[in-house]
Structure formats: C-alpha cells, structure tokens
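In what follows, a single structure is set out as structure tokens and then discussed.
The values are calculated or read from the model by the stated rules, or taken from the named source; none is laboratory data. Just so you know, these numbers come straight off a predicted model, no measurement behind them. Methodologically, a virtual Cβ is constructed for each residue, glycine included, from the backbone with ideal geometry; neighbour enumeration extends over all protein chains shown.
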Amino acid sequence: MSEEQREAVELGEDKPDKEIDDAEIDLDFAEVKRTPRDFLNVLVSTLAILTICICIVVLVVTVNLQKDVAAIKEEIGHLAQTSSVYAPIASEEDDESALSDVENIHGDKVDASEAADIVEGEELENVIWDKDTDGSLGIRRVYLTFDDGPSSNTDKILDILDEYGVKATFFVVGKDGYYSEQYKRIAEEGHTLAMHSYSHVYKDIYQSVDAYAQDLSKLHDYLYELTGVDCNIVRFPGGSSNTISDIDMREFAAYLDEQGMVYFDWNVSSGDAARGYVSAQQIENNVLDNVNKYNNAVVLFHDAGNKDTTVEALPHIIETILESENTVILPISADTVPVQHLH
C-alpha cells in the first residue's frame, strides 16, 4: 500500500469499491422511485388545467345559448305583436268569448259549433304550403285568387286589377239578392268566376257527399242563371286538407272529378284570413316573401267587407310581381296546373 493510500485509510476517506457501488445503486433507485411520482404529479396538474378549461368553455357556451334563447324569445314576441297569425294561448273563457264574436260570410252571428269551424277554417287558410308545382317554359305563373265574395270590397278589387291590366280568380259564395252586379262584373271583365260553396256552412256542406253536391249545384245554377258562366273550377271551404270534415276529403274530390270539375287549393297565403287586424304591410310580406318559391304560385286572398287592408296591400303586391323577371299574372283556367293539398 502506498503512503497516500495509507493516509487515506487512516483518515477514513477511503471506502471499498463495493460500498461505493452500493451507494451509487441506492441513488439510482431513488431516482427511479421519484420518476413515477413526478409523472403522476404532472398528470394530475394537467387534468386539473383541462378541467378548468372545459368548465370555462361550458360556461361560455351556456351564456351564449342563454343569449340566443333570449333573442329568439324576443323575436317571437315581436312577431306576436306584429302579426295576428301568432296568437297567445287562450283560456277556455277566452275561447268562448272569442267564438261569441264570430260571424259568417253574411255578417250574421252563428252558434258555437259553426263558430269553431269558421275559426279552424281561417287558421287553415293562413297556411303557406311547401309544395312546388309545374315549372315548364321557365315562366313563373302567379294566380291571384279571392275567396268568400262578392262583398263591399269587390268593386275596389276589380278597379285595382283593371288599373294594372291583370286578371284574377274569384271563388264566390251564394249571396242571392246581393251583389248581382259584382258577380256579373267579375265575368264580364275577363276574370275567372269560380265556386267556393253556396252556404259556406261547414257542418252542412261536409255532412255528406250528397249534401256537398246539393250545395255546389245550387251555387252553379245560380251563377249560370245570373251570368251565363258554366263554372267548373272549385275551391273547398277550408281547403282540401281541412280537418273539419269527418268524411275523407278524397270522396268530395272524386265527386268533382266525376262532374268534370277541378278543385284548386293554394300554396301562398296572404294571411288575411286571420281574425282581428292584419296590416297591409304584413299581407304584402306574406305574399312577396313566398310567391317566388313556386313556379305555379296560387295566392289566397279574401274578398270580404272587413278586409280593407287586403285592398290596400294589393297594388304594391301586383306592381312587385309584374316587375319580376319571367313572371306573369293569370286567371285560373282549364289549362292551369292544379295546386292541390291532397296527394
């Protein structure tokens, strides 16, 4: 042993190689043991951060959804105020009170059953139907149709149509002794005189096919005697899709087919059937926002004494349609492609 080694041993500074190796192994093992703990700590921290991020995202989404829902509610509320098509949920007392004010096409009060049918029919007639029709020739054909006339507004409507040089279709009812000149004027000025029903009393005309046939025959004969027009174009009160009739409407449609008659529904509603006040602007919007969706657009209006805003809206509606490219306004004829709700 050298002098330096001896001194190291005496001072206790020298250790056998084995002890040194064991110490190194213990240190390495400690490092190995610490590594999983460190990884776990990192993992827990990462998960905590992710959880916080997810919570923040969920909170932001929730806040935005609440804002969107609030905006939707506000828009619905606005529509409810500006359009009578939307109505608040009413109590039974409100319903009874509302029905007590319902009148028929002659302005007469009706019983609760017929009043309910009239209200249901009005709701059906405010529907815009999502069903396209014939698109041949690339020309959009618009048919302006008026139900329930003649009335005190018929002459005003006819004057407007004459001013713009367009023809329309009038689905009239039976008002024997009233408006004889208006029936005649419709036919004489080249408009289509068509049939709606004589009485327009739902519970009577839809009682059976025979009852419907008698009502329609009465109207047909009255119009023929008065105007000389052999009418064969028909619109069902409430449309062919109405649920007022307990009899399948296909039976009534089959009857018309047997008689060589054809029925027309509509695919654009002016919304003027709604009870209460409907502004001219709302009527314009209902028509002009939807008429361009169809190549055969049959527009539903009503010719009634209380539909002044329909008359008011008519000029701008006609002007806008006439200014549209490849678009014509026509009266319904035997060559018109039927717009029908029944499949």
Search result, residues across region 219-251 that are surrounded by 15 or more Cβ atoms within 10 Å (Cβ to Cβ) and of a type in the set (D, E, K, R): 235
Given the conditions (1) under 17 Å from the mean Cα position of the chain (by Cα); (2) surrounded by 18 or more Cβ atoms within 10 Å (Cβ to Cβ), every one holds for residue 212 apart from (1)
What is the residue count in region 302-317 for residues that are in contact (Cβ under 8 Å) with a residue 40 or more places away in the chain, more than 22 Å from the chain's Cα centre (by Cα) and not in a loop (DSSP other than H, G, I, E, B)? 3
Cβ-Cβ distance below 6 Å, separation of 6 or more or different chains: which pairs start in region 149-168 with a residue that is small (Gly, Ala, Ser) and end on one that is in a helix (DSSP H, G or I)? 168/161
Condition met for residue 284 (charged (D, E, K, R), in contact with a His (Cβ under 9 Å, 6 or more places away or on another chain) and surrounded by fewer than 21 Cβ atoms within 10 Å (Cβ to Cβ)): yes
Any residue in region 304-326 that is over 28 Å from residue 204 (Cα atoms), modelled with pLDDT of 95 or more, among the polar types (S, T, N, Q) and crowded, with 17+ Cβ neighbours inside 10 Å? yes
Residues in region 252-260: is at least one in the same structural domain as residue 144 (by TED's automatic domain parsing), in contact (Cβ under 8 Å) with a residue 12 or more places away in the chain, of a type in the set (A, V, I, L, M) and in contact with a strand residue (DSSP E or B) (Cβ under 9 Å, 6 or more places away or on another chain)? yes
Within region 261-281, identify whether any single residue is part of a helix (DSSP H, G or I), touching a residue at least 60 places away in the same chain (Cβ under 8 Å) and touching a strand residue (DSSP E or B) at 6+ places or on another chain (Cβ under 8 Å), and answer yes or no. no
Index of the failed condition, residue 337 passing every other in (1) under 21 Å from residue 196 (Cα atoms); (2) at pLDDT 95 or above; (3) in contact with an Asp or Glu (Cβ under 7 Å, 6 or more places away or on another chain): (2)
